[in-house]
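Throughout, read-outs are computed from the coordinates displayed, never taken from laboratory work. Since the model is a prediction, treat every value here as computed from it, not as a measurement. Neighbour counts run over all protein chains shown; Cβ positions are idealised from the backbone, glycine included.
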Amino acid sequence: MPVKEERIIEVLTYGGPERRLAYKVRDTTRGYTGPGALVRVPLMNRSCLALVCEGLGEDVPLANKLKYVHEGLYDEPILTPDLIVLAQWLTRYYAAPLTSTLETVVPAPVRAIMSPKTTRLIELAHHPKPDELDALAKKAPRQAELVRFLMQQDKPISRPLLLSRLKLAPTSCDALVKKGLLKELVRDESREAYADDLGDEESATVGEVTLTEQQAEVLLDLEASLQAREFRPHLLHGVTGSGKTEVYLRLIENVLAEGGGAIFMVPEVALTPQTLGRVRSRLNKIGEKVVVWHSHLSAGERADGWMAMARGEAKVVVGARSAVFAPIPNLRLIIVDEEHEPAYKQAESPRYHGRDVAVYRARLCGALCVLGSATPALESLYNVESGRYRLNRLTRRVDDRQLPTVHLVDMTREKLNPKGAVTISNILADKMIERFEQQEQSILFLNRRGYNTSMLCPECSHVAECPHCSVTLTYHRTDERIKCHVCGYQERAPRRCPKCGSAKYRGRGYGTQKIEETVQKILPRARIMRLDTDTMTKKHLFRKILSDFRTGKIDILVGTQMLAKGLDFPNVTLVGLVDADIALHVPDFRAAERTFQLLVQVSGRAGRGDKAGEVVVQTFMPHSPPIQYARRADFEGFLQEELDQRRDFHYPPFRHLVRHLFRGRNPEKVNFYAEQWSRLLEEKLEAEIEIRGPAPAPLEKVKDTYRFHLWYFVGNVSRVLPMITALRQDFPMDEEVIDVLDVDPVDLV
Ligand code: ADP
Ligand code: ZN
Ligand code: ZN
């Protein structure tokens with residue numbers, strides 16, 4: 001009888017117990033079982049999913065006691081080896097369970113091998129009252145657990161994932177649907193990999209271009225690092241329209257020519273159809289497939305795109321944050337465009353920052369990482385100063401076009417205008433009229449949706465507040481409703497004050513809807529469109545508005561900050577920033593940085609064609625440093641002043657910030673546990689971290705839960721976070737209090 005060949009492999013189990021274990025593989029075992037494989041293994045009398053890793057080395061139990069792998073689920077690896085190491089790093093650095101990290105790294109349809117035809121989703125039909133939940137907990141604890149879990153989710157969850165995650169029988173779920181507590185949604189998944197309808201925007205460049213001198217110089221430097229294959233991230237600081245994308249494209253072409261692969265990250269795919277179109281058309285010409293990776297893909301598209309990369313059929317991916325995990329085998333290049341964008345940070349566990357993960361992954365692979373922006377994050381600029389990143393600059397626009405002229409309008413003066421509250425200053429109105437008459441286009445930015453920001457009664461000073469959150473309700477004229485922008489609660493807009501009955505109940509403050517109306521009054525003949533998340537709900541409407549604007553069917557576009565991202569409209573010669581101060585009022589140590597970035601980004605949208613551009617900035621604080629530095633486009637000045645401030649307060653980038661949020665329905669309880677915890681931490685980790693708080697979060701109440709936070713200032717996250725995680729595991733937290741660790745947070749409200 002011939003001796004059977006056997007191999008020993010190491011796997012990471014997840015979904016249930018998270019372990020690193022060794023198994024044996026027979027040569028007859030079905031499917032691929034090498035590094036990066038998804039396999040099924042026996043574990044504690046169950047069949048578990050696991051990933052095969054490479055070279056974890058020590059602690060392997062004795063070979064003769066090992067069990068056999070059941071099967072490999074695919075005929076090829078689903079992960080590259082570096083992704084497994086990366087997932088483990090994410091787990092430590094961001095204090096997230098390995099299961100949730102792997103669920104983020106490997107998309108559900110690949111992991112769970114679901115049927116891609118339809119997906120059954122579960123969500124709460126309504127938020128149960130506490131006594132309702134208590135009653136349920138007594139009768140059916142497992143069902144109550146399910147409800148509690150769903151209360152923490154902000155979108156519907158796939159039913160099979162939910163059941164396997166909570167290890168529930170399908171009957172518990174069905175019972176709750178019957179009781180009317182849960183809703184089941186069935187979604188059809190159409191499957192059309194590659195044939196995505198995003199990114200078909202016409203690309204601006206026709207034919208080959210000759211690089212400018214600056215571009216050529218930068219490309220040369222980047223190529224040197226590409227060839228060196230050592231860890232050397234680059235920051236490409238280039239003004240908008242300086243030809244960064246062209247440089248990225250050349251790099252990608254070089255990498256492909258050498259048989260390598262590349263990841264091209266953008267903050268949000270839907271908002272960058274032009275970039276996408278350009279990458280696609282350039283690479284399709286040389287016969288390369290490009291996978292587009294974003295959150296609107298169906299399960300089938302996801303599975304197909306992922307496997308195309310894993311098999312090496314597609315070597316380039318363009319995508320949002322999660323594209324950083326693309327299983328590109330010979331990864332040589334990662335580009336993070338608009339690297340300063342907070343959208344790169346994931347808001348759920350694992351709360352990773354796409355840019356930082358990109359840098360780490362590049363290090364694991366010996367790939368080149370290029371971070372590009374017209375307004376780099378202070379963290380990245382600081383990394384340049386301290387010698388960790390190399391800096392490349394593109395200081396001139398292609399064709400040496402001028403940067404637009406910036407006019408600052410002091411709104412405290414405009415306020416003296418007898419006609420009452422001014423939203424559009426005279427100078428902005430005049431310039432808009434002028435552009436309209438010359439058949440040129442304008443964009444107005446305002447980072448506030450709705451019509452009025454709040455409803456106020458002048459007689460009894462009642463303000464309409466959300467019954468579930470500590471924010472005022474915003475009046476939306478389009479449907480005559482007042483809405484909570486935090487939890488989505490809404491009601492009909494009352495005509496009289498609900499408290500005293502006064503008929504003087506009025507809206508206060510203004511949002512995009514009101515600006516749209518005001519502009520229409522100034523220019524009755526102009527064709528005006530509004531673009532914000534209220535119009536974004538329909539994907540095709542969004543695309544139609546952009547294409548109508550491009551073809552000149554719209555004269556003036558009014559929109560929120562999302563418009564400031566990467567759009568290129570040659571006929572736009574005027575940009576108005578209606579309220580430059582919004583970000584300055586946010587309680588965040590990055591307020592100045594965000595304001596500066598917004599001003600510079602917004603200015604970049606004016607005069608991209610052959611016509612000169614103008615920018616009008618309306619502000620009540622014309623002398624505040626970020627506004628002044630931005631007006632002069634003085635990056636160096638802003639950087640030095642802002643770094644000095646951060647240094648004085650020991651804020652990032654000088655130390656890492658970790659935000660620890662505690663929340664629950666009972667504010668006293670939440671505060672109590674936050675305090676108990678902070679005492680423990682103080683005692684154990686005094687030498688390692690500086691603790692501030694606990695204090696109520698700026699947004700104190702959200703969806704009926706009260707929020708308190710602690711801030712930790714940390715020198716070495718990789719060392720300290722595992723210590724915090726270990727202490728946290730033994731801490732007797734009340735089951736009604738939920739706590740969340742956010743490492744390097746971008747959002748502090
Ligand atoms: P950025 O990414 O820095 O905003 P882009 O790469 O999009 O800049 O370039 C801006 C515009 O200039 C695009 O329309 C692009 O096609 C064009 N362009 C880029 N490089 C050149 C070049 N060397 N010669 C001519 N046009 C160029
Ligand atoms: Zn009143
Ligand atoms: Zn609310």
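A compact table of results
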quantity: Antiparallel bridges, percent of DSSP beta bridges restricted to the chain (to nearest 5); calculated: 55
quantity: Dimensions in Å of the range 632-689 - Rg and Dmax from alpha carbons; calculated: 17.6, 50
quantity: Virtual spin-label span in nm between PHE620 and SER47, 7 Å along Cα→Cβ; calculated: 6.5
quantity: Over 25 Å (Cα to Cα) - which of LYS155/LYS178; LYS129/LYS483; LYS289/LYS611; LYS155/LYS701 fall in this group; calculated: LYS289/LYS611
quantity: Cα-projected label distance for ARG388 with THR533, points at 7 Å along beta-carbon direction, nm; calculated: 3.0
quantity: Rel. contact order, % - alpha carbon contacts under 8 angstrom, at least six apart, the range 627-749; calculated: 36
quantity: Segment THR551-ARG7, extension gain: residue separation times 0.36 nm, minus the distance between their alpha carbons; calculated: 189.6 nm
quantity: Cα-based Kirkwood hydrodynamic radius, the range 6-111, one decimal, Å; calculated: 13.8
quantity: Förster radius 22 Å - calculated FRET efficiency between ASN330 and TYR68, Cβ distance, rounded to 0.05; calculated: 0.10
quantity: Highest to lowest packing among 438-449, 469-480, 570-581, scored as the average C-beta count within 10 Å; calculated: 570-581, 438-449, 469-480
quantity: Debye-sum result for the range 126-180 in log10 I(q)/I(0), which assumes one identical scatterer on each alpha carbon, at q = 0.17 Å⁻¹; calculated: -0.50
quantity: Given charges at beta-carbon only (K, R positive; D, E negative), |dipole| of the range 6-111 in Debye; calculated: 400
quantity: Sum of side-chain charges, PRO587 neighbourhood, beta-carbon under 13 Å (Lys, Arg +1; Asp, Glu -1); calculated: 0
quantity: LYS178/HIS127 FRET efficiency (R0 25 Å; Cβ-Cβ; nearest 0.05); calculated: 0.85
quantity: Stretchable slack from GLN645 to THR171, in nm (0.36 nm times residue separation minus alpha-carbon distance); calculated: 164.9 nm
quantity: 5 Å binning of all Cα-Cα separations within the range 327-393, expressed as whole percents from 0 upward; calculated: 4, 17, 25, 26, 18, 9, 2
quantity: Binned Cα-Cα distances of the range 512-603, short to long, each 10 Å bin given as a whole percent; calculated: 14, 45, 33, 8, 0
quantity: Charged-residue dipole, Cβ positions (Lys, Arg, Asp, Glu), the range 656-743 about Cα centre, Debye nearest 20; calculated: 280
quantity: Near-label residues of the range 371-393 by backbone N, under 19 Å of a point 7 Å along Cα→Cβ of GLU230; calculated: 384-392
quantity: Cα-based shape type of the range 209-400, given that a ≥ b ≥ c are square roots of the gyration tensor eigenvalues and the cut on a/c is 1.5; calculated: rounded
quantity: Euclidean distance between Cα centres, the range 308-363 to the range 710-749, Å; calculated: 25
quantity: Leading residue at positive end of dipole, the range 126-180 (Cβ point charges), from ALA144, LEU161, HIS126; calculated: LEU161
quantity: Cα centroid of the range 648-706 to Cα centroid of the range 458-514, whole Å; calculated: 32
quantity: Volume in Å³ per residue [convex hull over Cα atoms, computed for the chain]; calculated: 188
quantity: Dipole axis of the chain (+1 Lys, Arg; -1 Asp, Glu on Cβ), positive-most option in THR13, PHE649, PRO35; calculated: THR13
quantity: Net length gained if the chain between GLU459 and ALA347 were fully extended (0.36 nm per residue, minus Cα distance); calculated: 36.2 nm
quantity: For the range 209-400: relative contact order, % (alpha-carbon pairs under 8 angstrom, 6 or more apart); calculated: 36
quantity: Contact order normalised by residue count of the chain, Cα under 8 Å, 6+ apart, percent; calculated: 11
quantity: Dipole in debye (nearest 20) - the chain, about Cα centre, beta carbon charges: Lys, Arg +1; Asp, Glu -1; calculated: 2040
quantity: Sites LYS611 and GLU636, calculated FRET efficiency, Cβ-Cβ separation with R0 35 Å, nearest 0.05; calculated: 0.75
quantity: Most positive-pole-ward Cα, VAL370, VAL586, PRO625, against dipole of the chain from beta carbon charges; calculated: VAL586
quantity: Cysteines not pairable in the chain (beta carbon separation under 4.7 Å absent); calculated: CYS48, CYS53, CYS173, CYS365, CYS369, CYS487
quantity: Three-way shape call for the range 656-743 based on the alpha-carbon gyration tensor, with the a/c threshold at 1.5; calculated: prolate
quantity: Histogram of C-alpha separations across the range 332-471, 5 Å bin width, %; calculated: 2, 6, 9, 11, 12, 11, 11, 12, 11, 8, 4, 2, 0, 0
quantity: Label-point gap, in nm, between LYS504 and ALA687 - each point 7 angstrom along Cα→Cβ; calculated: 6.5
quantity: Rounded if a/c under 1.5, otherwise prolate or oblate - the range 486-563, Cα gyration tensor axes; calculated: oblate
